[in-house]
Protein chains: 2
Amino acid sequence: MTNQTAAEAIIDTGKTEDPLGKRLRARRRELSLTLKEVADGAGLSVGFISQVERGLTVPSLSSLASIAGVLDSHVTTFLAQPEGKSQLTRHNERPIYAVDKAALSYERLSTTFPGSVLNSVIVHEPPGYRSEPIQHVGEEMFFVLQGAITLEVEDETTVLQAGDSIHFASMRRHSSWNHTAEPATILHVCTMDVFGDNPQQNQEPGNRAGHLNHHK
Amino acid sequence: MTNQTAAEAIIDTGKTEDPLGKRLRARRRELSLTLKEVADGAGLSVGFISQVERGLTVPSLSSLASIAGVLDSHVTTFLAQPEGKSQLTRHNERPIYAVDKAALSYERLSTTFPGSVLNSVIVHEPPGYRSEPIQHVGEEMFFVLQGAITLEVEDETTVLQAGDSIHFASMRRHSSWNHTAEPATILHVCTMDVFGDNPQQNQEPGNRAGHLNHHK
DNA sequence: CCTAAATTTTACCAATACTAAAATTGGGGG
DNA sequence: CCCCCAATTTTAGTATTGGTAAAATTTAGG
């Protein structure tokens, strides 16, 4: 509609934000590398890098990966990033989600804005509660606010006390267990779309089940 | 070296993990969509989607974006994801980073594994401490553990008490200020490479300054 | 200014992203 | 069992565009 370059039009999430090329250039400058250095490192030509950085061409995924490698960053760094309103939650006025009457409940901290990947909730685990082992895309972190829990990640079994934290890739099969007689409160952050919203474009919103199913 | 498909070889981060295609298929199944539905939605051909999902072809970034859109997900969802050892930190034995003697200090919670984007630290802000306003790629979340701080995100000024949280895109200019007479403890999570490590491949590691510079 | 490094531009080619259509699989019924 | 339909895979083939090499331009010193 407007006259942005093809690359810009293609890549960005719909919101106006820094396009791929700009970020690559910014990152290269940050490391004070020359086009040639990047090109050589990535096995590509100098001119091409120039084109990409100015949004005249869209690199293939493999090329982008190479370039990202030289820039010592992850591919995802350069793809559409969030933008939106910040979301405040007060400890006394948060939406609470009770998944099953068995008393496990969530307080949602983060919200969803276009491109957001961060998801945080406060989880209240009643004494004895045990979650099904699950694995999924992303990574996550637990920080124990109150009480203690036992966390199993694949073969490691760890007891976390208040103030302890753990960080791991969510693909590793994991489950948690409140082995104590006291309720435990955990701050849980993950990079996934736990609540099943975050529509990339507005399609039929309802009926999509979240991934937080401690299903059968 | 081995005989994985070209696509697999190209995309993955070096670690063995689910390649792009597998994830796309998994996601499609999750939404119980047909190849045709995805193809139509994305404006691509059925056969092509099939090829992509089986790793016979690598889609262009634009195509991938379209497909991701139909799958109601962010592009990054399907690109290399973390894998590694989980990292435990005990509240009494964490590495502490003191940035300037002015007494601001960090306890690092998360570690870095290939592809990880999650970064969490506990920040101790002494009374009166004020950080420089910064903006950068990514998104972040503050959760106040003790005390209170004033957080400014662009034009919004918010006072956060213990237990409160805020979540916003890091591109929005932000700074924090401990306006109280007590030290404040904040759990800070962001999707960026705060500590400046996370080498995608092992290049010269040293000398790269972190981004947490409250520099002049 | 003169030179050399860094970047941009141009012209061109070949790899491959993508298509269209035919071949295969896989259920359910009747 | 066989027909039918939906879903997926396979096969050829083309056109796009990702990518190159080299010349043109800019930038920065000395």
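The values are calculated or read from the model by the stated rules, or taken from the named source; none is laboratory data. All of these numbers come straight from a predicted model, not from anything done at the bench. Ideal geometry is used to build each Cβ from the backbone, glycine not excepted, and the neighbour counts take in all protein chains shown. What goes into the accessible areas is simple: the full protein's heavy atoms, side chains included, and nothing from ligands, DNA or RNA. Shrake-Rupley method; radii C 1.70, N 1.55, O 1.52, S 1.80 Å.
Things worth noting here:
- When accessible surface is computed with a 1.4 Å probe, chains A and B are found to bury approximately 5900 Å² between them, both chains counted.
- The GluC sites (Glu not before Pro) of segment A:137-177 that meet both conditions, a loop assignment by DSSP and at most 15 other Cβ atoms within 10 Å of the site Cβ, are A:154.
- Stretched out straight at 0.36 nm per residue, the stretch from residue A:50 to residue A:135 would grow longer than its current Cα-Cα span by 26.5 nm.
- Remark: mean inter-chain Cβ contacts per residue of A:134-147 equal 4, using a 10 Å Cβ-Cβ cutoff to other protein chain atoms.
- Shortest first, residue B:181 label-point distances to identical copies amount to 4.2 nm, with the label point at 7 Å from Cα along Cα→Cβ.
- Inter-copy label distances for residue B:51: 2.1 nm (label point placed 7 Å from Cα along Cα→Cβ; shortest first).
- Shortest-first distances to equivalent copies, position residue A:135, nm, label 7 Å out along Cβ: 4.1
- Counting Cβ atoms of other protein chains within 10 Å of each Cβ in A:164-176 and taking the mean gives 6.
- Within 10 Å of the Cβ of each residue in B:25-31, the mean number of Cβ atoms contributed by other protein chains is 1.
- Probe 1.4 Å, protein heavy atoms only - accessible area per residue of segment A:124-198 in square angstrom: 36 Å²
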